[in-house]
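For reference, the structure is listed below as structure tokens.
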Amino acid sequence: MTAQGIILRYISFFEARGHKRIPNSPLVPENDPTTLFTSAGMQPLVPYLLGEHHPEGKKLTNVQNCFRAQDIDEIGDNHHNTFFRMLGNWSLGDYFKKEEIPWLWEFLTEELKLPKDKLYITIFSGYKDIGYDKEAQDLWKKVFEKENLEPKIFVDETNWWSRSGPPDNMPAGEPGGPDTEVYFRFDDLEHNSNCGGDDPAKCKCGKFLEIANSVFIQYKKTDSGIEELSQKNVDFGGGLERLLAAVENNSDIFQTSLFAPIIKSIEEVSNKEYSANQESMRIIADHFTAATFIANAKIKPSNKEQGYILRRLIRRGLDNSYKLGGAHSTSSGQANIEPVLQAIANQYDQTDPEIKQNFVEIKNTIIEEEQGYKGTLNEAKKLIAKRYKLGDELKGVTEITADDAFLLYTTHGLSPTQIRSLGFTFDGLDFADKMEEHQKVSRAGAGKKFAGGLADTSEATIMGHTATHLMHQAIRDILG
Ligand code: GLY
């Protein structure tokens, strides 16, 4: 079953249960200054979850293109991506847990035919006056009993979902609630020492992958705490790329039928093998896919907001392309990314045909950014060469002061990794101190924006100004 096949089955499953399909909202939200990108299927539905009447009724379904900027630094493992598609079904004050939980099980096991013994469940452990989710636990127990299976249900404090993460982080007016999550077990992987055995919520190695969650949005944050909403809602989110990994029983989402042809194109242009270059190739595949969709939304690389994120994706994708080297670089020293972009357009053609229609514009946006980036790198090299009287050709590695490295960061937008890749070393801790100082100033003027996330990736939840994000990355970069 392909990604497209999963979408079709999902939509018809919920249409047959009285849901109306609603369109995929734009990736860059219109008229919503609180957020840079659509990062969850529920995002355009917030007013209706809070009680407004939706013109299509109380039972809705769709597949939503999403981008999560806060996951940029996670990319490189076997299961994170910044751009992904989320399957969604919603009850706006209509059905609740007793319908949703059996439907979810039926969809996963009967429609997608996932092996029942590989599915693990987590439920919410409670918060202040809100007790643990016994109702969901009882419903899941019934599901397992009916199947004659030992219940695999774990209680976890992180099973609360809102766009801002846990209840304490939610701003007044924000809806949220406890969620139940479904994890898939991959038998080819063994847990590493950071994992908590067979408790899926504690697993960090990818052996247990969260493939779906149902949020029971029945609360709203107010100035005095958490209050019941006037209606009880369901907000289901299923990550399509992860569901495909489960269907294909492949613990590496970049080796599923969706991403494998994109990885293959990177192998071909670089003349390198995926098995020896997984992290770089995953970053290239993810970042250029996300960049393609953001460029398709008519965003141009720049130093602020969506344009900044696009710039960061393209430049980080290029850094990794240069690292692979070989045939991946053209004779002019540029990365040969067109075949990779073409492979991306092919893979999304059935669901997002406008990527092929707008291909030339998308490609030009990315290639023009590479030209600008090359110019920036050259200027940075020249500036340092002049200050240190190094002559025209930089030879070997040159030690520079943290002040000068920081200057390259503030004037040229280069991260510590990019500065090091030019052949310069500097005192990382000193640089980190300067970053933190700068961050304090930047935070003071930062606007607050929602980041949102599937429960396992929504740790930070309120994302400040994009520059703050770069600084976090830069500090992580330095401290290793
Ligand atoms: N259904 C909530 C989310 O993961 O976006």
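The values are calculated or read from the model by the stated rules, or taken from the named source; none is laboratory data. Keep in mind the model is a prediction, meaning the values are calculated, not measured. Heads up, the Cβs are rebuilt from the backbone with ideal geometry, glycines too, and the neighbour counts pull from every protein chain shown. SASA here: full protein model, heavy atoms, side chains in, ligands and nucleic acids out. Shrake-Rupley method; radii C 1.70, N 1.55, O 1.52, S 1.80 Å.
Okay, here's what the table says:
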item	result
Subset tally (residues that are among the acidic types (Asp, Glu) and either within 16 Å of the ligand (Cβ to nearest atom) or at pLDDT below 95 (or both)) for segment 224-263	2
Subset of segment 273-292 that is open to solvent by 10 Å² or more (accessible area, probe 1.4 Å) and not polar (S, T, N, Q) - its residue that is nearest to THR365 (Cα to Cα)	ARG282
Which numbered condition LEU209 misses (of (1) away from the ligand (no atom under 16 Å from the Cβ); (2) in contact (Cβ under 8 Å) with a residue 40 or more places away in the chain)	(1)
Enumeration of residues in segment 80-119 that are open to solvent by 20 Å² or more (accessible area, probe 1.4 Å), assigned to a loop (DSSP other than H, G, I, E, B) and not basic (Lys, Arg)	GLY93, ASP94, PHE96, PRO115
From the options PHE107, PHE83, PHE96, residue that is away from the ligand (no atom under 14 Å from the Cβ) and out of contact with any strand residue (DSSP E or B) (no Cβ under 7 Å at 6 or more places or on another chain)	PHE107
Extreme residue, surrounded by the fewest Cβ atoms within 10 Å (Cβ to Cβ), among residues of segment 27-43 that are in contact with a Ser or Thr (Cβ under 8 Å, 6 or more places away or on another chain) and farther than 10 Å from GLN64 by Cβ	PRO29
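To keep it simple, each residue is scored yes or no on (1) in contact with a Ser or Thr (Cβ under 7 Å, 6 or more places away or on another chain); (2) within 23 Å of LYS134 (Cα to Cα); (3) crowded, with 23+ Cβ neighbours inside 10 Å.
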{"site": "PHE184", "(1), (2), (3)": "no, yes, yes"}
{"site": "GLY206", "(1), (2), (3)": "yes, no, no"}
{"site": "SER214", "(1), (2), (3)": "yes, yes, yes"}
{"site": "ILE217", "(1), (2), (3)": "no, yes, yes"}
{"site": "THR222", "(1), (2), (3)": "no, no, no"}
{"site": "GLU227", "(1), (2), (3)": "no, yes, no"}
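Here's the yes/no breakdown for (1) within 28 Å of LEU407 (Cβ to Cβ); (2) without any contact (Cβ under 8 Å) to a residue 12 or more places away in the chain; (3) surrounded by 21 or more Cβ atoms within 10 Å (Cβ to Cβ):
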{"residue": "LEU310", "(1), (2), (3)": "yes, no, yes"}
{"residue": "LEU324", "(1), (2), (3)": "no, no, no"}
{"residue": "ASN336", "(1), (2), (3)": "no, no, no"}
{"residue": "GLN350", "(1), (2), (3)": "no, no, no"}
{"residue": "ASN364", "(1), (2), (3)": "no, yes, no"}
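Conditions tested, residue by residue: (1) within 30 Å of LEU87 (Cβ to Cβ); (2) within 19 Å of the chain's Cα centre (by Cα); (3) surrounded by fewer than 19 Cβ atoms within 10 Å (Cβ to Cβ).
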| residue | (1), (2), (3) |
| --- | --- |
| ASN249 | yes, no, yes |
| GLN255 | yes, yes, yes |
| PRO261 | yes, no, yes |
| ASN271 | no, no, yes |
| LEU313 | yes, yes, no |
| ARG316 | yes, yes, no |
| VAL340 | yes, no, no |
| PHE359 | yes, no, yes |
